[in-house]
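Please treat every number below as a calculation from the coordinates, not as lab data. The structure displayed is predicted, hence computed values, not measured ones. No Cβ is skipped: glycine too gets one built from the backbone with ideal geometry, and neighbour counts run over all protein chains shown.
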Amino acid sequence: MHKNLRLKIGQGADFIFGNLELVGAFQSKRHKNTEKSGAKARFGCMFKPSWLTLAPALGEVLLLTKASNAKRRQLVVGNWKMNGNLRENASLLAAITKGWQGERGADVVICPPYPYLYQSRECLQHSPILLGAQSVNEQDKGAFTGEVSASMLADLDCKFVIIGHNERRRMQHESDQQVAQKFVAVQKAGLIPIVCVGESLQDREQGKHLETISRQLNAVFAHTGKDVFSNAVLAYEPVWAVGTGKTATPEQAEEVHKFMRAQLGVLADEVRILYGGSVKAHNAQQLFALADIDGALLGGASLDANEFLAICKAAE
Ligand code: PEP
């Protein structure tokens, strides 16, 4: 099969080997458009070839600087939470689909409440906007009254699932361990988990924010390994900033995003890390300009078509 192979060379640069013929267990790098078509792509190299051995066999070697963010396409995710009704959803989705035709350089996802997934799927069917869900149960099926499985979400054409949102960690007492199990269930159904992590105000004030984030991330890494993050999205959502109108300063956000990226090891440059917490049209541009922020997870701003579209446009 013909694939592009990207190998990391030290700190300074990546090499991309175009049209490399590979034999063996090397799986396709995700292409940004495969999510819409529903193609399941897994990342990662099952073997680690030495570029020195491969290089002589290659016709084309392209040198890119690491500063290039091209490989991480910006992503804006709207989390409607427990808002909306049939009439309001129809008009919101009509305005959003009219305003976002897909020619732009960012991916957009909308996560309505479960009862409106079907309606949203109909409204989005001719649009480049993707459907996501706000939560999922970690079990495949069975006697779990009121719960929804990942395969049910896949049935409804969801492509992304938010897991570990702080409202669920706090109000539904979802543990780090459960978040890890949900991650596995979501990927097993061929969907992409959006894993939220973030510290409380108390953690932040005590200077323990990185410790909390490290604990939340490591719970998933310990359960799944890091390789599977090639097909996942991370979101940094400081609890004190979600729904409060307070946004992390660019310095605070960048510090955490850089830290999270470093935790990803060899996938550091591949995984999209979103910022969430009172992002609005007026502050989105400043956040998106930061090197380690690849888009936003929006709550309140996703319920207003103009605000939402302005943020999507700021992301491209
Ligand atoms: C969220 O719920 O994930 C969120 C970021 O909310 P808001 O944008 O309203 O702070």
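One line per residue, one yes/no per condition, for (1) under 20 Å from residue 217 (Cα atoms); (2) within 19 Å of the chain's Cα centre (by Cα):
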position: 240; (1), (2): yes, no
position: 245; (1), (2): no, no
position: 259; (1), (2): yes, yes
position: 267; (1), (2): yes, yes
position: 273; (1), (2): yes, yes
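So, in the stretch 103-139, exactly how many residues are touching a strand residue (DSSP E or B) at 6+ places or on another chain (Cβ under 8 Å), of a type in the set (Ser, Thr, Tyr) and assigned to a helix (DSSP H, G or I)? Counting residues in the stretch 103-139 that are touching a strand residue (DSSP E or B) at 6+ places or on another chain (Cβ under 8 Å), of a type in the set (Ser, Thr, Tyr) and assigned to a helix (DSSP H, G or I) gives 2. Within the option set 127, 120, 91, being of a type in the set (Gly, Ala, Ser) and in contact with a Pro (Cβ under 9 Å, 6 or more places away or on another chain) holds for one residue only, 120. Among the residues of the stretch 164-181, just one is buried (at least 19 other Cβ atoms within 10 Å of the Cβ) and basic (Lys, Arg), namely 169. Taken over the stretch 275-316, the criterion of being away from the ligand (no atom under 11 Å from the Cβ) and in contact with a Lys or Arg (Cβ under 6 Å, 6 or more places away or on another chain) is satisfied by 292, 294, 316.
Within the option set 169, 121, 87, being within 16 Å of the ligand (Cβ to nearest atom) and either touching a His at 6+ places or on another chain (Cβ under 9 Å) or among the basic types (Lys, Arg) (or both) holds for one residue only, 169.
For the stretch 140-256, the helices (runs of 4 or more DSSP H) that sit wholly inside it and include 2 or more residues that are under 25 Å from residue 82 (Cβ atoms) are 150-155, 166-171, 176-188.
Annotation: of all residues in the stretch 257-274 being part of a loop (DSSP other than H, G, I, E, B) and free of Cβ contacts under 8 Å to residues at least 40 places away in the same chain, the one that is farthest from the ligand (Cβ to nearest atom) is 268.
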